[in-house]
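Here's the structure we're looking at; comments come further down.
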Amino acid sequence: MTRLAGFLRDRSILVLALLLAALVGVIAVIRPGTVTPDWLANTLLFAAPLGLLAGGETLLLLTGGIDLSIAAVATGAAYLLSSNTAAIGTPAALLLGLALGALIGLLNGVGVAVFRVQPLVMTLGTGLMTEGAMVVYSQKIIGEEQRIPAAIVTLGSGKLAGVVPVDLFLWLPVAALLLLGLRRTGLGRLLYAVGDNQAACRLAGIRVWRVLLAAYLACGLLAALAGIVLVGITNAADLSLANVYLLPAIAAAIIGGTSIFGGRGGYGGTIVGALFLTVLDSLLTLLDAPEPIKQILYGSIILLLAATYTRLTD
Amino acid sequence: MTAALLRRHATLLVMPLLVAAFLAVTVAIHPDFGAFDVQSLALGALPLALAAAAQTVVVISGGIDLSVGSLMAVANVLAASTMQHAGFGGALLIAALILLGGALAGAVNGAVLVFSRVPDVVVTLAAGFIWGGIALLILEQPGGGAPQGFLDLAGGTLGGAWLPNALVLLVVVVAAVWLPVRHSRLGLTLYAIGSDRTAAFRSGVGVDRTRLIAYVVGGVFSALGGLALTMTTGIGSPLSGTYYTLSGLAAVVVGGVSLTGGRGGMAGPMFAAYILTLIPTDLIFLNIDPNYGQVIQGTLIVLVVMGGGLATLLRTRA
C-alpha cells in the first residue's frame, strides 16, 4: 500500500491523466459518437483560456501566493479591447488590454513583494478596484461602438483546416515557455525556492521581492491574454465575461498537483487539470445536468481530488 | 502602560472615530441626512456586518472561509421559502432551525478540512460551489417571503426614531454569540491556534477541535446573515450571497483583524461594515456614479493593508 502510494505520489500527473482518460471514456460510452476529432478540437479550444489563467495562478501558487484579481483583469482586458478597437485600431487596443494586465500585475507585485501584504487580500482589493473601474468606464462610453477585431475572433474560435483550434497556437508556446521556464531557468527555480522557504532565500542573498514582482507581473499579463482569447470565443465583451473562470483556474492548478503552500507542483499538472475540468464540464452539459447539480458535482469533485492528493503527498 | 493599552486597543479607538468622521462628512454633504437615512444605513449594513462576523471568527483562528456568501444564500432561500405562509411564531421557530442548520453546515466545512488536511482556502472554495448549488436547488428564482412581524425585527425603530432595530439586532446577536465564546477557554484557544498552531498544540490545546468549532460559530453567523438578508430584502434569492464573501473579508481587513490569525477583535469589522455601506451612500449624495463605490472599497483595502505592511516593515527595521 505504501509502495503504491509512493508510486502514485511521484506520478500525480499520470493519475490525473488516467482520470481524464476515464472521463472521456465515460462520455464515449454514454453518448456514442460524441468523441470525435471535432469534439476534441472544441474541448481544446475551450480549455485554452482556462489553461492560460491557471498558468498565471500556478506561478503564484508555487511562490506561496494566490491571485484573486485574474477574473477582473481578464474581463477588463477584453472590454478595453472591444471598446477601443473602432477608435484606435486593433494593435493599439490589444496593447491597451495587455497594459491593464501589466498594471494590475505590477500593483499586486508591489503590494505583496515590497509591502509584504498577504496575496489574498492584496489581489482581492485590486480585483474589486479593477471590476469597479470597468463598470464606471462602461457607463462613460455607453453607446459607443463595440467591435471585436476579426483576428481576435479567429484566434478565439477559428479552427485551422477545420480541426486544429487556432488558440492552440497561442497556448502551446505559452505552455512551452512556462514548462521550460520553470524547469530550466534561474527564475523558474527561484519561484520554487521562494515558495519553499522565503527566509532561507533571503539569507542566501536572493532578492525575493524581484522574484515575486516578476511572478505577479507574469500572472497579470497571462490573465489579460486569457481575457483576449475568451472574448474571441464569445464574440461579445460583457462585464462578467471571465468571472466564472476564477475558481476553476485556481482549482485546475490545485488538482494538477500544485501545492497551495508553495514550492511544489508545475505547469504540466495544471494543463491536465484544465483539460480535466473542461471535459468534466462538457460531460455534465451532455448529461443535461441542471445548473445546481452541476455546481454541486463540480465542487465535490474538486474537493475529492484535493483530499486524495493531500493524503498521497503528506 | 497607557501606551501599551492604547496600542492593544487601537482599532477600538480608531474605528468609532472613523465611522463618526464618515457620518460627519455625510451630514456635511447632505444636510437632510435624518433618521430615515440612519435606518436604511443600519439595514444595508446588517447582512454585511454578519458576514464579516462569520469571517472574523474563522480568520482569528488562522483560517479563511470563502463559502460565507453561499451559506448565507442557503439560509436566505430556506427562510424565504418556508416562512412565506408562517405566522410570526412559526417564523421564529424556522429561524432557530436555520441557525441550527448553519452550525451544522459550519461543522461539515470544519470536519472536512480537519480530516482531509486540505488547506482552508481550497475546502471552502469548493464548499462555496456546493452550497451555491444547494441554494439554487432550494429556490431557482428569487421569490418567497416572510411574515411582516419577522421583517420588522430589522426594519423599523426602537423607541425614538434614531435607534434602528437593525442596529439593535446586530449588537444583540453578535454579543449573544461572540461574548460567551470570547470570554471562555474557547476564546483563548481560538486566538492561540490563530497566532501559533504548534505552540498551542504543545500547550495542550486541541487544535483540530478548536478549528472545527471556529467554523461552527462562523456557520451560525453566516446563517444569521442569511436571515438578515431575508429581513432586509423581504424575499429569498439564490444568488444574493455572492457579494458577501469578498465584502465580508474586506470588512474584516479594514476592521483591523490580521489575516494571519490570532490578532483582532469583533468590534473593528462591525464598524468597518458601516463604513463600507456608507461609501456608496455618500457617492449618491454627491451625485457621483455609485459604481465608484467598488473602486473606493478596493482602494481602501489596498491602502489599509499596504499601510499595515509598511508599519511592520518600519518596526522591524528600527
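The values are calculated or read from the model by the stated rules, or taken from the named source; none is laboratory data. Please read these numbers as outputs of a predicted model, since none were measured by experiment. For neighbour counting, all protein chains shown are included, and Cβ atoms are generated from backbone atoms with ideal geometry for every residue, glycine included. To get the accessible areas, we keep the full protein, side chains included, count just its heavy atoms, and leave off ligands, DNA and RNA. Shrake-Rupley method; radii C 1.70, N 1.55, O 1.52, S 1.80 Å.
Computed from label points 7 Å out along Cα-Cβ, the spacing between B:Asp289 and A:Ala199 is 4.7 nm.
Proximity of backbone amide H atoms, modeled 1.01 Å from N, is registered between A:Lys159 and A:Val166 at under 5 Å, excluding neighbours fewer than 5 places apart on the same chain. Computed on chain B, with alpha-carbon pairs under 8 angstrom and 6+ residues apart, the relative contact order is 34 percent. When segment A:11-313 is described by a simple charge dipole with +1 on each Lys and Arg Cβ and -1 on each Asp and Glu Cβ, the residue from A:Ser83, A:Pro49, A:Ile13 located farthest towards its positive end is A:Ile13.
Measuring between their Cα centroids, segment A:20-78 and segment A:191-269 lie 14 Å from each other. The P(r) of segment A:11-313 has a tail past 35 Å containing 18 percent of all C-alpha pairs.
Across chain A, Cα pairs under 8 Å and at least six residues apart give a relative contact order of 34 percent. In terms of its C-alpha gyration tensor, chain B comes out oblate, because a/c is 1.5 or above while a/b does not outweigh b/c. Protein heavy-atom accessible surface, 1.4 Å probe, per residue over segment B:118-266: 40 Å². With the biggest extent put first, the Cα atoms of segment B:47-90 measure 41, 18, 15 Å across the principal axes.
Ligands, DNA and RNA excluded, the heavy atoms of A:Glu291 present near 100 Å² of accessible surface to a 1.4 Å solvent probe. In a simple Cβ point-charge model (Lys, Arg +1; Asp, Glu -1; nothing else charged), segment B:42-244 has a dipole of about 540 debye relative to its Cα centre. Taking every residue in B:308-316 and counting other chain Cβ atoms within 10 Å of its Cβ, the average works out to 3. For a paramagnetic label modelled on B:Leu92 (point 7 Å from Cα along Cα→Cβ), amide N atoms under 18 Å away belong, within segment B:219-242, to B:224, B:227-228, B:231. On a per residue basis, segment A:11-313 carries 40 Å² of accessible surface, using protein heavy atoms and a 1.4 Å probe.
Here the relative contact order of segment A:168-314, from alpha carbon pairs under 8 Å that lie six or more residues apart, stands at 20 percent.
Interface burial in segment B:120-146, defined as at least 20 Å² less accessible area with all protein chains than with the chain alone at a 1.4 Å probe, covers B:Val121, B:Val122, B:Leu125, B:Ala126, B:Phe129, B:Ile130, B:Gly133, B:Leu136, B:Leu137. Shape class for the protein assembly as shown, computed from the alpha carbon gyration tensor (a ≥ b ≥ c): rounded, with a/c under 1.5. Between the beta carbons of B:Leu163 and A:Val164, assuming R0 = 51 Å, the FRET efficiency works out to 0.15 to the nearest 0.05. A Förster distance of 41 Å, applied to the separation of the beta-carbon atoms of A:Ile293 and B:Leu17, puts the FRET efficiency at 0.25. From its DSSP helices (H runs of at least four residues, each -39,500 (n - 2.57)), the protein assembly as shown gives a residue-normalised ellipticity at 222 nm of -25500 deg cm²/dmol.
Counting Lys and Arg as +1 and Asp and Glu as -1 over every other residue whose Cβ lies under 12 Å from the Cβ of A:Phe46, the net charge comes to -2. Buried accessible surface for the A/B pair, both sides summed and rounded to the nearest 100, is 3700 Å² with a 1.4 Å probe. Under 1.5 on a/c is rounded, so check that first for segment B:182-279, then, if it is not, pick prolate when a/b is larger than b/c and oblate when it is not; a ≥ b ≥ c are the square roots of the alpha carbon gyration tensor eigenvalues. Verdict is prolate for segment B:182-279. Can you give me the % of accessible surface on the protein assembly as shown that is carbon or sulfur? Probe 1.4 Å, all protein chains present, nothing else counted. Summing carbon and sulfur atoms, their accessible area is 69 percent of the total for the protein assembly as shown.
Placing R0 at 22 angstrom, the Cβ-Cβ distance between B:Leu303 and B:His9 gives a FRET efficiency of 0.50 after rounding to 0.05.
Relative to one another, the C-alpha centroids of segment B:10-85 and segment B:162-196 are positioned 15 Å apart.
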